[in-house]
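Worksheet: one structure, shown below.
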Amino acid sequence: MSESRTIKPVKGKPILSQSDMDEGLTEDVMLLGIDLGTSRSSVVSLSGIRKTIDSYVGYPKDAVSRKMLKTDILYGKAALDNRLALELYRPLEKGVIKGTFDGEGGTPDEEKKNLQAAKELIKHLVDLVNPGRDQLIYGVVGVPAQATGKNKTAILEATKEIFDSVMIVSEPFTVAYGMERMSDVVVIDIGAGTTDLCRMHGTVPGPDDEISFTIAGDAIDQKLHDLIKARYPKAQLTINMCKNFKEQYGYVSDTKDKIEVIIPVEGKPTPHDITGEMKQACEILVDPIVEGVTKLISTFNPEFQERLRNNVLLAGGGGQMRGLNKRVEDGLLAIGGAKVTVVDEPVYAGANGALQLAVDMPGEYWQQLR
């Protein structure tokens, strides 16, 4: 790294001022926004490149798998597709590095391996946006709304050898910030590991403004698996198959469309009707979201509650579920009704907002790593 570079976080000033950009200093520093997700992770850069990958990292099991794969490490869909030949890691759980979620610690060896896999995943995300060899890298990383100090410390540890400076921020906050909806809005960010709610009122949200719970995409997958197995005991079914079914057909609306999927039975591809099971599984999201939004609105300044009710945003992969906005609206009729809309880019909304924070935030918000 060049010793002549002087770009660094300065109190009261953003990393790059408009004059810095005009003078071409973007060649010396790369600003990134990252939505580090349990199931998928997204990265966007100031240069305009953006990528999304499945949050998997895999290492060949033995010499045979290494010869077949011709690599020492695979990421994303490639890792998932070759998982039988790999030691496969999904290093994030409930939106944080596995083993760091409160009350759920693994063995020291498991935590170490997941931390290493998380480092590899973050490094790969950075590599996907093609940083220059000598560029300084400043990244904003989104985490669940109520991630603890331990969770954030683990994320910082995973970024130490990759970033020169980093910010760890709430994922729903990054969604709101990127959309410039920083006041009188409630954001619902539905990922695989957590569902995060955040109310915005023109300042950085505090603990009372955020709610996070673990009924999210993974919980739906497990529920769908259990329901299908209960109805079709002979079905040869995996959680990953259920995840794919959910992503293709997930709904909570009153649609009459039949959902029929192919699931092997004793090795034979067999059609199965999972219409009712799909809706029942997806519906586990509705009540917790309604309860969370109700709490955030009802405990807010009464003069501004109506504004919040009319500005509820659904983001994240789960936000795209058919009929979810209407079901949440119906559930909020008890407090006067609400207007719930889906953000334009659910997959990239968090990473877009994280990048905008990287552009705007002054030096005192950054954690220097080198």
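The values are calculated or read from the model by the stated rules, or taken from the named source; none is laboratory data. Just so you know, these numbers come straight off a predicted model, no measurement behind them. Here Cβ is always computed from backbone atoms with ideal geometry, including for glycine, and neighbour counts include all displayed protein chains. For the accessible areas, the whole protein counts, side chains as well, though only heavy atoms, and no ligand, DNA or RNA atoms are used. Shrake-Rupley method; radii C 1.70, N 1.55, O 1.52, S 1.80 Å.
Set the bar at 19 Å for Cα to Cα. Now go through 123/160; 229/326; 70/98; 150/295 and name every pair that lies beyond it.
Distance filter (> 19 Å) returns 229/326; 70/98; 150/295.
Counting only residues 5 or more places away or on other chains, whose amide H sits under 5 Å from the amide H of residue 167 once H atoms are built in the peptide plane?
Those qualifying (amide H under 5 Å, at least 5 residues apart or on another chain) are 139, 140, 141, 367.
What is the sum of charges around residue 172, taking Lys and Arg as +1, Asp and Glu as -1, for the other residues whose C-beta is under 13 Å from the C-beta of residue 172?
Taking every other residue near residue 172 into account, the sum is -4.
Using Cα-Cα distances under 8 Å and only pairs 6 or more residues apart, what relative contact order does the chain have, in percent?
In percent, rounded to a whole number, it is 22.
Which residue fluctuates most in the GNM of the chain (Cα springs below 10 Å): 263, 34, 190?
Result: 263 has the largest fluctuation of those listed.
Name the residues whose placed amide hydrogens come within less than 5 Å of the amide hydrogen of residue 342, ignoring near sequence neighbours (fewer than 5 apart) on the same chain.
314
Could you list which residues have their amide H under 5 Å from that of residue 30, counting only those 5 or more apart in sequence or on another chain, with H placed in the peptide plane?
So residue 30 has HN proximity to 136, 137, 138.
Can you tell me the accessible area per residue over region 107-220, all protein chains present, probe 1.4 angstrom, in square angstrom?
Counting only protein heavy atoms, the per-residue value for region 107-220 is 37 Å².
³J(HN,Hα) across region 329-335 via Karplus (A = 6.51, B = -1.76, C = 1.60, θ = phi - 60°), whole Hz, x for Gly/Pro?
For region 329-335, the Karplus curve yields 4, 4, x, 8, 4, 5, 10 Hz.
Where in the chain lies the longest segment free of GluC sites (Glu not before Pro) that are both loop residues by DSSP (not H, G, I, E, B) and have at most 14 other Cβ atoms within 10 Å?
My reading of the result: 267-370 is the longest stretch.
Using the beta-carbon distance between residue 134 and residue 107 and R0 = 30 Å, what value does 1/(1 + (r/R0)^6) give for FRET efficiency, to the nearest 0.05?
With a Förster radius of 30 Å, E is 0.15.
Using a 7 Å offset from the Cα along the Cα-to-Cβ direction at both residue 299 and residue 127, what is the distance between the two label points in nm, to one decimal?
If labels sit at residue 299 and residue 127, their model points lie 4.4 nm apart.
On average, how much accessible surface per residue is there in region 290-335, in Å², for a 1.4 Å probe, leaving out ligands, DNA and RNA?
50 Å²
What is the calculated FRET efficiency for residue 256 to residue 236, with r their C-beta to C-beta distance and R₀ = 35 Å, to the nearest 0.05?
The value I calculate is 0.75.
Just to check I understand the Karplus step: with θ = phi - 60° and J = 6.51 cos²θ - 1.76 cosθ + 1.60, what whole-Hz values come out for region 31-45, glycine and proline as x?
9, 10, x, 10, 9, 8, x, 4, 9, 9, 10, 10, 9, 10, 10
First check a/c for region 80-196, with a ≥ b ≥ c the square roots of the eigenvalues of its C-alpha gyration tensor; if it is under 1.5, answer rounded, and if not, answer prolate when a/b is larger than b/c or oblate otherwise.
In terms of gyration-tensor shape, oblate.
Decide, for region 145-214, between rounded, prolate and oblate: order the square roots of the alpha carbon gyration tensor eigenvalues as a ≥ b ≥ c, take rounded if a/c falls under 1.5, and otherwise choose prolate if a/b is larger than b/c, else oblate.
prolate
Can you give the extra length, in nm with one decimal, that the chain gains between residue 150 and residue 47 once fully stretched, where that is 0.36 nm per residue apart less the Cα-Cα distance?
Taking 0.36 nm per residue and subtracting the Cα distance, the gain is 33.8 nm.
For region 205-312, state which trypsin sites (Lys or Arg not before Pro) are in a DSSP loop and have at most 16 other beta carbons lying within 10 Å of their beta carbon.
Within region 205-312, the qualifying trypsin sites (Lys or Arg not before Pro) (loop, at most 16 other Cβ atoms within 10 Å) are 234, 256, 258.
Note down the nm distance, to one decimal, between modelled labels 7 Å out along Cα→Cβ at residue 73 and at residue 266.
4.6 nm
Would you list, by chain and number, the aspartates and glutamates whose Cα falls below 16 Å from the Cα of residue 77, excluding same-chain residues fewer than 8 positions away?
Output for residue 77: 54, 87, 120, 247.
Note down the nm distance, to one decimal, between modelled labels 7 Å out along Cα→Cβ at residue 275 and at residue 84.
Distance between label points: 3.4 nm.
Let me know the shape class of the chain, please: from the alpha-carbon gyration tensor, a ≥ b ≥ c as square roots of the eigenvalues, rounded when a/c is under 1.5, otherwise prolate if a/b is greater than b/c, or oblate.
Working: a/c = 2.09, a/b = 1.15, b/c = 1.82.
Oblate shape, in that a/c is at least 1.5 and b/c is the bigger or equal ratio.
If you place +1 on the Cβ of every Lys and Arg and -1 on the Cβ of every Asp and Glu, how big does the dipole about the Cα centre of the chain come out, in debye to the nearest 20?
960 debye
Using a 1.4 Å probe over the heavy atoms of the protein chains, calculate the carbon and sulfur portion of the accessible area of the chain as a whole percent. Walk me through the numbers before you get to the answer.
Numbers: 8510 of 17400 Å².
Here carbon and sulfur together make up 49 percent of the probe-accessible area.
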